[in-house]
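The values are calculated or read from the model by the stated rules, or taken from the named source; none is laboratory data. What you see is a predicted model, and the numbers here were worked out from it, not measured in a lab. With ideal geometry, Cβ positions are generated from the backbone for all residues, glycine too; neighbour counts draw on all protein chains shown. Quick note on the areas: whole protein, heavy atoms, side chains included, nothing else; ligands and nucleic acids left out. Shrake-Rupley method; radii C 1.70, N 1.55, O 1.52, S 1.80 Å.
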Amino acid sequence: MLPLTRSRNRSRFFGLAVPQSALDLDFLSGTLDPRITFTRASSGTFFGSNGLLQTAANDVPRFDYDPVTLAARGLLIEEQRTNLFASSVYTANANGWTNGVIGGTGTIAAASVNSPAATTAGVFNVSGLNGSSYVGVVVATTSSTNSYTASVFVRNNGGVKFQLRLVFSNGGTFASFGTEYDFNTGAFQDGIAGTTAPTSRSVTNIGNGWSRITITASDNGTGNTVTNLLLYGGGTTTNYNYLIWGAQLEVGAFATSYIPTSTAAIMRAADLASMTGTNFSSWFNAPIGTVFVESAKYYSGSAGFPRIAQISDATNSNAITLLWAESLNRLYGSVLSSGSVQVDIGNNNLTQTAIHKSALVYATNDFAISNDGLSVQTDTLGTVPTVDRFFIGKDASAAYLNGHIRRIVYWPVRLPNAQLQFVTA
């Protein structure tokens, strides 16, 4: 065993006497360690250190920041997604958008207000809607039981409420899901005006008066071929006066980072970060080791439980994995060797979107994990698989974190249980 020394990063572990780490990756620094191979076959948006929405080119990692506090959030890793709307900003009588306000009172007009991307392009003021008037965008979709999530950036402009509906129609059983957001109270009212309550909805403050509001619902699967995002009004027209920008429709149960479009749907490719070859073998100790990961905001997507990190042989049959189980709010370690489950240990009832610190120990017949300083969970029976690479924010297939990696530390020894709790507290 290596001699006990103080950590190279005393500010993170408070000078605790722990073995010297063989790997220490700080993703809050805004730079990528040259040993990491990163690719993404498209551009992608993120919030920069100035709080504004920015675009990273192909194969450029996205170091994301909180747009309100400007605090670093780490390396953003997301699965592949497509914005199905041909134009993410309002276009009168084109690209699926309605020509102005339909069926009643109200106006929609260009506004000279900066969007979350610090441009006035595509920002529109919607005002004076009544209970039968709306602004909408429509797109042809494949009939299925898929979950769809629609989102739009909204800023209050002297009104009180914002109402949106996700509607599946044309060829099947009409299904309308609606919610109304109160700018003053921050509360949602679901199932408004004869609609059904959506599966979920959310509001995220992104600064400068803007919020991103989402709505998620499932197509009823009976032949519908059109999906509509409709911004409705109510009985009091003065209640509805707001700015809109950046609409998005995705297949999935949650919204991902904004994908701008202008004339056709656009796909954002998945983020891929890994370490292989000598960039992996130079620090990895095959018989025994401890891997620490600090991460946040996990969403499973279509491929299953979100993977935080995985050491494997490029398959999921031989793998040491940190992952999240949504049904239990459980963060746990899983070890498979030759396709056989060796270990499944973790802590339940954690908060899914919070920042978590996990430390996982692997060694033959000696596995342990601690999350957030909680009691160490152990397993004394199991073998260690043969591995040759490290996946960051995903596994060997297509299960992604859909969140942020903040820090990774690796020790080529087994940290004692007390130290596992300390470094994750």
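3J(HN,Hα) along the range 369-379, derived from phi through the Karplus expression 6.51 cos²θ - 1.76 cosθ + 1.60 where θ = phi - 60°, amounts to 8, 9, 10, 6, x, 6, 4, 6, 9, 10, 8 Hz, with x in place of Gly and Pro. Amide H contacts of Thr222: Thr173, each under 5 Å away and 5 or more positions distant or on a separate chain (H built 1.01 Å from N in the peptide plane; Pro and chain starts excluded). Hydrodynamic radius of the range 221-297 by the Kirkwood approach over all distinct alpha-carbon pairs: 18.9 Å. Of the solvent-accessible surface of the chain, computed with a 1.4 Å probe and all protein chains present, 51% belongs to carbon and sulfur.
Full extension of the chain segment joining Asn170 with Thr196 gains 7.6 nm, where the gain is 0.36 nm per residue of separation less the Cα-Cα distance.
Size of the range 369-425 from its Cα atoms: along the principal axes, largest to smallest, the extents are 34, 28, 18 Å. In the frame of its principal axes, the chain has Cα extents of 76, 44, 36 Å, reported largest first.
From helices alone, the chain scores -1000 deg cm²/dmol at 222 nm; the rule is -39500 (n - 2.57) for each run of n ≥ 4 DSSP H residues, then divide by the residue total. Counting only the Cα atoms, the range 267-425 fills a convex hull of 103 Å³ per residue.
For q values of 0.15 Å⁻¹, compute log₁₀ I(q)/I(0) with the Debye formula on a Cα-only model of the range 211-354, without solvent. So the normalised log intensities are -1.00. The gain in end-to-end length when the Thr276 to Thr204 segment is fully stretched comes to 22.2 nm, 0.36 nm per residue minus the alpha carbon separation.
Put a plus charge on the Cβ of each Lys and Arg, a minus charge on the Cβ of each Asp and Glu, and nothing anywhere else: the dipole of the chain about its Cα centre is then about 620 debye.
If I take all pairs of Cα atoms in the range 15-59, what percentage of them are more than 13 Å from each other? Pairs farther apart than 13 Å: 72 percent. Annotation: Lys297 carries an accessible surface of approximately 80 Å², with a 1.4 Å probe and no ligand, DNA or RNA atoms counted. Using a simple spin-label model with pseudo-atoms 7 Å out from Cα toward Cβ, Thr378 and Ser340 lie 2.3 nm apart. Sorting Leu53, Leu32 on solvent-accessible area from highest to lowest, probe radius 1.4 Å, gives Leu32, Leu53. Taking amide hydrogens as placed 1.01 Å from N in the peptide plane, the amide H of Ser147 sits under 5 Å from those of Gly252, each at least 5 positions away in sequence or on another chain. Annotation: Leu70 carries an accessible surface of approximately 80 Å², with a 1.4 Å probe and no ligand, DNA or RNA atoms counted. A cut-off of 5 Å between modelled amide H atoms, ignoring neighbours fewer than 5 places along the same chain, links Trp97 with Thr91, Val138. Accessible surface for the range 285-339, divided over its residues, is 32 Å² per residue with a 1.4 Å probe. Taking only alpha carbon atoms, the range 94-230 gives an Rg to Rh ratio of 0.96, where Rh is the Kirkwood radius. 3J(HN,Hα) along the range 115-125, derived from phi through the Karplus expression 6.51 cos²θ - 1.76 cosθ + 1.60 where θ = phi - 60°, amounts to 6, x, 9, 6, 9, 7, 4, x, 8, 10, 9 Hz, with x in place of Gly and Pro. For the chain, what does the relative contact order come out to in percent, with C-alpha contacts under 8 Å and a separation of six or more? After rounding, I find 19 percent. Here the extension length gained between Thr353 and Thr222 equals 43.8 nm, from 0.36 nm per residue of separation less the Cα-Cα distance. Summed over the residues of the range 97-199 and divided among them, the accessible surface reaches 40 Å² per residue at a probe radius of 1.4 Å. Rolling a 1.4 Å probe across all protein chains gives Glu180 an accessible area of roughly 20 Å².
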